[in-house]
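The values are calculated or read from the model by the stated rules, or taken from the named source; none is laboratory data. Note that the coordinates shown come from a computational prediction; the quantities given were computed from them, not determined experimentally. Cβ placement follows ideal geometry from the backbone for every residue including glycine, while neighbour counts extend to all protein chains displayed. For accessibility, only protein heavy atoms count, side chains too; no ligands or nucleic acids. Shrake-Rupley method; radii C 1.70, N 1.55, O 1.52, S 1.80 Å.
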Amino acid sequence: MAAAMQAAGARTAAAAGRPMGAAAPFAVARRPARPVRVVVVRAVDEDAELEARLAKLKAAKGETTDAEKRQARAARLPGGVSKPAAPAKPQYDFSGETLHWEGAPANGDLLLNIALGATLVWLPLTFGAIGRRVFLKYRFTDKRISVSDTFPTYGKSADVPYQEVLEVRTVPRGLGAWGDMVIVLRNGDKVEIRSLEKFQELKEYILQRRDALTGRAAGAAAAAGGGRPSVMDLDADDAAVGLGGGAKKGKGFSS
């Protein structure tokens, strides 16, 4: 039996062309190639798609879309302008002006805040007073009021022509040695001037220059108002009234 099996193996090896006893080669089975799928990604604008759907719904209901409303508003105005142009601001000539007074915030305000800074609670106000004394400059000429802030990273300036002044309010500080001033303009804006020396004298000068440049007499407003006080006389007891307590804060240079 063993001889028969050996003879059969020899015949199989001879038929395959390899010597007797050599290992039969093995075949590697290959997997069939998978089909390649190409995925195409398309960007979809969800907002545009939503607007298109809303437009279709409004069109089905007979309503006007937002785009049609905008076109109708633009068509009603000449040239398609959405709103009328703002009126031009008056231009003032400051050439040839004469200096009346120039200075920085009062020294008394600085000394008082430094002394109170020893309480530690007052330190923020002390730093504010130091900043005002170093960086703020006030300038009063015969044509305008200039307030300049020379802080390196936040420098700005404001020029107020006397013709734009409506009224001037003052509050005394430091037993009247200096005071704060608020200049109310004709357009409703306010300019604050803190720790100003000679504040009462400068207030009178501002009102005098305003009347001189606008051609108004000092008592014209009182006569026209049936004996009511004019703007020049509205400084009665400003210290008692104060500028705080819910008053509208101006665009000044406060710390």
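If I go through region 170-200 residue by residue, how many of them are of a type in the set (Gly, Ala, Ser) and within 23 Å of the chain's Cα centre (by Cα)? It would help to see each step written out before you state the result.
Taking region 170-200 as the starting set, the residues that turn out to be of a type in the set (Gly, Ala, Ser) are 174, 176-177, 179, 188, 195.
Subsequent filtering for residues that are within 23 Å of the chain's Cα centre (by Cα) retains 188.
The total comes to 1.
Does region 182-189 include one or more residues that are more than 26 Å from Tyr92 (Cα to Cα) and exposed (fewer than 15 other Cβ atoms within 10 Å of the Cβ)? Quick ask: steps written out before the conclusion?
In the first step, residues of region 182-189 are kept if they are more than 26 Å from Tyr92 (Cα to Cα); the result is none.
No, every residue in region 182-189 fails to be more than 26 Å from Tyr92 (Cα to Cα) and exposed (fewer than 15 other Cβ atoms within 10 Å of the Cβ).
For region 129-167, a residue qualifies if it is of a type in the set (A, V, I, L, M) and open to solvent by 20 Å² or more (accessible area, probe 1.4 Å), and the qualifying residues are Ile130, Val134, Ala158, Leu166. Number of residues in region 156-196 that are over 22 Å from Leu99 (Cα atoms), of a type in the set (Gly, Ala, Ser) and without any contact (Cβ under 8 Å) to a residue 12 or more places away in the chain equals 2. Please indicate, with yes or no, whether at least one residue in region 116-128 is in a strand (DSSP E or B), in contact with a Gly (Cβ under 8 Å, 6 or more places away or on another chain) and either surrounded by fewer than 16 Cβ atoms within 10 Å (Cβ to Cβ) or in contact (Cβ under 8 Å) with a residue 12 or more places away in the chain (or both). No: zero hits.
Does Arg173 qualify as being open to solvent by 40 Å² or more (accessible area, probe 1.4 Å) and under 19 Å from Arg209 (Cα atoms)? When the stated conditions are applied, Arg173 does not pass them.
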